[in-house]
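Below is one structure, written out as structure tokens; comments come after it.
The values are calculated or read from the model by the stated rules, or taken from the named source; none is laboratory data. What you see is a predicted model, and the numbers here were worked out from it, not measured in a lab. When we count neighbours, we look across all protein chains shown, and the Cβ atoms used for this are built from the backbone with ideal geometry, even at glycine. These area figures cover heavy atoms from the full protein model, side chains too; ligands, DNA and RNA do not enter into them. Shrake-Rupley method; radii C 1.70, N 1.55, O 1.52, S 1.80 Å.
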Amino acid sequence: MGITTIPTRYLIVILTFLCTSVCYIERVGFSIAYTVAADAEGVSQSSKGTILSAFYYGYALSQVPGGWAAQKIGGRRVLLLSFILWSLTCALVPLDPNRVIILITARLLVGVSQGFIFPSIHTVLAQWVPPHERSRSVSLTTSGMYLGAAMGMLLLPSLVKLKGPQSVFLAEAALGGMWSLLWFKFASDPPRSQHPKAAASGFGESLLPVKDGQSQRTKTDKSQIPWLRIFLSLPIWAIVANNFTFHYALYVLMNWLPTYFELGLKSSLQEMGSSKMVPYLNMFIFSNIGGVIADHMITKRIMSVTKTRKVLNTIGFLVSSVALIAIPYFRTPDGVVLCSSLALGFLALGRAGFAVNHMDIAPRYAGIVMGVSNTAGTLAGIIGVGLTGQLLEASKATDSDLSSPDSWRTVFFIPGFLCILSSVVFLLFSTGERIFD
């Protein structure tokens, strides 16, 4: 069966899955490559935190503009341009820890470029995916993040050992270029009559950017974005709070778990084999399980959309809370892999709650709402990654090599507590009903 015989919406979902995979290979890859290069040069933990968090400043600045651009000119085009830009940056920038300004500028540029990607993905999926397929489609797409992180953790340390840290940048640029070619060849906007109930269901042609030939009234109605209503909406703030917590936990683990293995447990990533990819592989599995469960519960009318989102979100975040707080109490690599796998796996399960909710409540503005909530998630990266560096630097006063569990307890307690708090917020204020026309 040729690729052209696959229904287009499925092809779009597969391509967006590959998109998120490549993006997270890049993020994990930079963390691994830069950590090796920085440690070789004796860079301090706080300085490492500054470089690692620079990406998130650019990422935060471009989330809402990314949603706006996808709304105005189309997510398909914005996605392609963003991918090309960050791939070129990876290909051209040298990885030298002593060239701080160049590294910070490059990470800011990669962050800005990738900040346009996820709002654009949500805009594209809102156009192509009918409501009864949304949970599993979004879950599959976002699970690419975790598979990419898992593959990065498995393969890139060996690449660094064989070819050096710079080789990671070149490999990431090559992957980005290949995905851009696939997207250019196979991606498209939905045809004008993709589904007879598209407008009523909240997907399809009615969500495409307004064309110049449309009537002035239609153009005005469709082009006006209800910014005030978006920023005053409690259900949107429930999504924002959970996006913040999810990414705080994810980015702290993604950026500092290699350091915890190396310094806290005195274990080499190269010697851990495939076990270091288990937490991210678990995210991939649990994310798709959550999507399938959510769509089944909704389509079989076992629960309403609202209850389904709340139940999965609550289970995911509460289990994650316990696992995160437990991490420093385990003093073996296998124990930490188990705890981090549970934490990240159930966080991914929770995405079938809050992360799909954008398209439940505001399908036309899914990219913009995603941009707003992902800005909060990115701020979590800036705060969490940077704060962790400061906490560890402060811990050196009593534990110079950071091998004591006391040095790490606060690092993992903070995201654990946030999981409890944000799950309560989602229970109180979220809804699965469409509130924006």
Take every Cα-Cα distance within the stretch 58-162, group them into 10 Å bins from 0 onward, and report for each bin the whole-number percent of pairs it holds.
14, 33, 36, 14, 3, 0
Net charge contributed by nearby residues that have their C-beta within less than 11 Å of ALA126 (K/R +1, D/E -1):
+1
Any chance you could look up the accessible area of ARG351 with a 1.4 Å probe, heavy atoms only, rounded to 10 Å²?
10
Carbon and sulfur: what percent of the stretch 244-403's accessible surface (1.4 Å probe)?
66
Return the whole-Å distance between the Cα centroid of the stretch 33-67 and the Cα centroid of the stretch 360-437.
17
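Among the listed pairs LYS72/LYS310; LYS161/LYS276; LYS276/LYS396, which have their C-alpha atoms separated by more than 21 angstrom in this model? Working shown, then result.
Details: LYS72/LYS310 32 Å; LYS161/LYS276 16 Å; LYS276/LYS396 26 Å.
Correct reply: LYS72/LYS310; LYS276/LYS396.
Above 15 angstrom, tally the Cα pairs of the stretch 381-437 and express them as a % of all pairs, no decimals.
Of all Cα-Cα distances in the stretch 381-437, 62 percent exceed 15 Å.
Given Cβ point charges of +1 (Lys, Arg) and -1 (Asp, Glu) and nothing else, what value in debye, to the nearest 20, does the dipole of the stretch 302-433 about its Cα centre take?
Working: 8 positive and 7 negative charges, 87 e Å.
Roughly 420 debye, rounded to the nearest 20.
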Please compute, for the alpha-carbon atoms of the stretch 61-117, the extent along each of the three principal axes and give them in descending order in Å.
40, 20, 9
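Taking square-rooted eigenvalues a ≥ b ≥ c of the alpha carbon gyration tensor, is the stretch 18-71 rounded, prolate or oblate, where a/c under 1.5 means rounded and, failing that, a/b exceeding b/c means prolate? Don't jump to the answer; show the numbers that get you there.
Values: a/c = 5.74, a/b = 1.85, b/c = 3.10.
In terms of gyration-tensor shape, oblate.
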Given the peptides 298-305, 261-268, 312-319, arrange them by the average over their residues of other C-beta atoms within 10 Å, most packed first.
312-319, 261-268, 298-305
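Can you pull the Kirkwood radius for the chain, inverse mean 1/r over Cα pairs, to one decimal in Å? Don't skip to the end; give the middle numbers.
On the way: mean 1/r = 0.0460 Å⁻¹.
Hydrodynamic radius (Kirkwood, Cα only) of the chain equals 21.8 Å.
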Apply the a/c threshold of 1.5 to the C-alpha gyration tensor of the stretch 1-116 and tell me whether it is rounded, prolate or oblate.
prolate
Using alpha-carbon pairs under 8 Å, 6+ residues apart, how would you state the relative contact order of the stretch 83-136 in percent?
36
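Might you report the magnitude of the Cβ-based charge dipole of the chain about its Cα centre, with Lys and Arg at +1 and Asp and Glu at -1, to the nearest 20 debye?
Numbers: 33 positive and 21 negative charges, 272 e Å.
Around 1300 debye, computed over the chain.
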Contact order normalised by length for the chain, with contacts defined as Cα pairs under 8 Å and 6 or more residues apart; what percent is it?
26
Projected onto their principal axes, the Cα atoms of the stretch 220-322 stretch, largest extent first, over whole-Å spans of 58, 35, 26
Check: C-alpha center the stretch 96-148 vs C-alpha center the stretch 311-338, spacing in Å is 25
Okay, helix-only estimate at 222 nm for the chain: each DSSP H run of n ≥ 4 adds -39500 (n - 2.57), divide by all residues, round to 500 deg cm²/dmol; what do you get?
-25500 deg cm²/dmol
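To one decimal place, what orientation-averaged projected area in nm² is obtained for the convex hull of the Cα set of the stretch 289-375? Before the final figure, lay out the partial values.
Working: hull surface 26.4 nm².
It is 6.6 nm².
So which helices of the chain fit the span-like rule, where a helix is a whole DSSP H run, its Cα atoms reach 30 Å or more along the axis, and its mean Kyte-Doolittle is at least 1.6?
Numbers: long enough: 8-40 (48 Å, 1.19); 45-73 (42 Å, 0.02); 134-163 (42 Å, 0.60); 166-186 (31 Å, 0.95); 234-259 (38 Å, 0.88); 278-299 (31 Å, 1.02); 305-326 (32 Å, 1.08); 333-354 (31 Å, 1.28); 366-395 (42 Å, 1.11); 406-429 (36 Å, 1.64).
Flagged H segments are 406-429.
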So for the stretch 29-157, taking the charge dipole from beta-carbon charges (+1 Lys/Arg, -1 Asp/Glu), which of SER31, GLY75, SER143 sits furthest toward the positive end?
GLY75
What does the C-alpha gyration tensor say about the overall shape of the stretch 326-402? Classify as rounded when a/c is under 1.5, otherwise prolate if a/b is larger than b/c, or oblate.
oblate
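For ARG301 and ILE285 in the same chain, what is the full-extension length gain: residue separation times 0.36 nm, less their Cα-Cα distance, in nm?
Working: separation 16, 0.36 × 16 = 5.76 nm, distance 2.42 nm.
Computed gain between ARG301 and ILE285 is 3.3 nm.
Taking a probe of 1.4 Å, how large is the accessible area per residue of the chain, in Å²? Can you show the working numbers first?
Details: 16820 Å² over 437 residues.
Averaged over the residues of the chain, the accessible area is 38 Å².
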Considering only protein heavy atoms and a probe of 1.4 Å, how much of the accessible area of the stretch 58-114 is carbon and sulfur, as a whole percent?
76
Can you give the percent of C-alpha pairs in the stretch 295-437 whose distance is more than 17 Å?
67
